[in-house]
1. Considering only residues that are loosely packed, with under 10 Cβ neighbours inside 10 Å and hydrophobic (A, V, I, L, M, F, W, C), look in segment 108-130 and name the one that is modelled with the lowest pLDDT.
2. Which condition does Arg61 not pass, out of (1) under 30 Å from Asp17 (Cα atoms); (2) surrounded by 10 or more Cβ atoms within 10 Å (Cβ to Cβ), if it passes all the others?
3. Taking segment 196-237, which residues are farther than 16 Å from Trp184 by Cβ, small (Gly, Ala, Ser) and either part of a strand (DSSP E or B) or modelled with pLDDT of 70 or more (or both)?
4. Within segment 13-22, how many residues turn out to be farther than 18 Å from Trp76 by Cα and part of a helix (DSSP H, G or I)?
5. Out of segment 86-112, which residues are part of a helix (DSSP H, G or I), over 16 Å from Arg122 (Cβ atoms) and charged (D, E, K, R)?
6. What's the number of the only condition in (1) of a type outside the set (Gly, Ala, Ser); (2) within 24 Å of Leu32 (Cβ to Cβ); (3) in a loop (DSSP other than H, G, I, E, B) that Leu118 fails to meet?
7. Can you name every residue in segment 131-180 that is modelled with pLDDT of 75 or more and of a type in the set (Ser, Thr, Tyr)?
8. Report yes if Arg75 is in a helix (DSSP H, G or I), within 28 Å of Leu38 (Cβ to Cβ) and open to solvent by 80 Å² or more (accessible area, probe 1.4 Å), otherwise no.
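The values are calculated or read from the model by the stated rules, or taken from the named source; none is laboratory data. Bear in mind the structure is a predicted one, so any value in this text is a computation, not a measurement. Note that we place each Cβ from the backbone using ideal geometry, even for glycine, and neighbour counts take in every protein chain shown. All accessible areas refer to the heavy atoms of the entire protein, side chains included, with ligands and DNA or RNA removed. Shrake-Rupley method; radii C 1.70, N 1.55, O 1.52, S 1.80 Å.
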Amino acid sequence: MNRREIAALLAYIGRIDPRTIRTDQGEAGDQLAQWHELLGDVPTATPHGWDALAAARQHTRTSPYQIQPADVVQRWEKYRRDRLARHSDPTPSVDPDDQAAWAKELVATRRAVADGTLQPARARAIESGQEEINPRLQARLDQVGSCIPPAARAAFAPYRPARAAREAAVAQGLPDALSVRCAWCLAQPGESCRRRRIGPDGGARGTAHRAPHPSRLDLAAAQQAQLAEQAQQPAIA
């Protein structure tokens, strides 16, 4: 708010709470300077719900104490926090490889939401069905064949030996052992097998990862053979 807007706010407050009126010209000038110093970065109103006059009126209605600049600032900060709490960052429209532009657009959007010039973006609900993919993203996926480029996948292989071995087996047409549950160590599909030990209490314990157990490999091979046999059977009319 500029000095004219502060003066209008003080005049309104004076009408609803005469205790704030300063009849001495010097005191009135000091009051105006003080309020302008503390509320200079607070807008009079925004397109989406903030109104300094309404904030002052609400304080006068609910508090027996004379309003201070801090009372308006506190309501303004609460307004900003509430809006940001309801905001979910939308995907920026800039190139995601341009980190500076990406961050700049996110910051600008959040600032606009907090300042009341832009409505908060709601988190999109998970919907059934296939959603249309961005053409630029689809072209990139068609080019590399995967969301992880081959060069990056090869660089990650030393740090993900189990995943690398699984992908190599699938590429060679071998059964994917991690696609089934292990009956020995009870590893769930997608999880690596663990060394199973029997504790003193008779319970099974396992911590260290290991290669898939032979029984798990046999089960995956049987499942693969069953699926292949089903695929070869003629469809029933």
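1. Filtering first and then ranking leaves Ile126.
2. Here Arg61 meets the rest and fails (2).
3. Within segment 196-237, Ala225, Ala228, Ala231 qualify.
4. 6
5. Matches in segment 86-112: Lys104, Glu105, Arg111.
6. (2)
7. Tyr159, Ser179 - these are the residues of segment 131-180 that are modelled with pLDDT of 75 or more and of a type in the set (Ser, Thr, Tyr).
8. For Arg75, the condition - in a helix (DSSP H, G or I), within 28 Å of Leu38 (Cβ to Cβ) and open to solvent by 80 Å² or more (accessible area, probe 1.4 Å) - is met.
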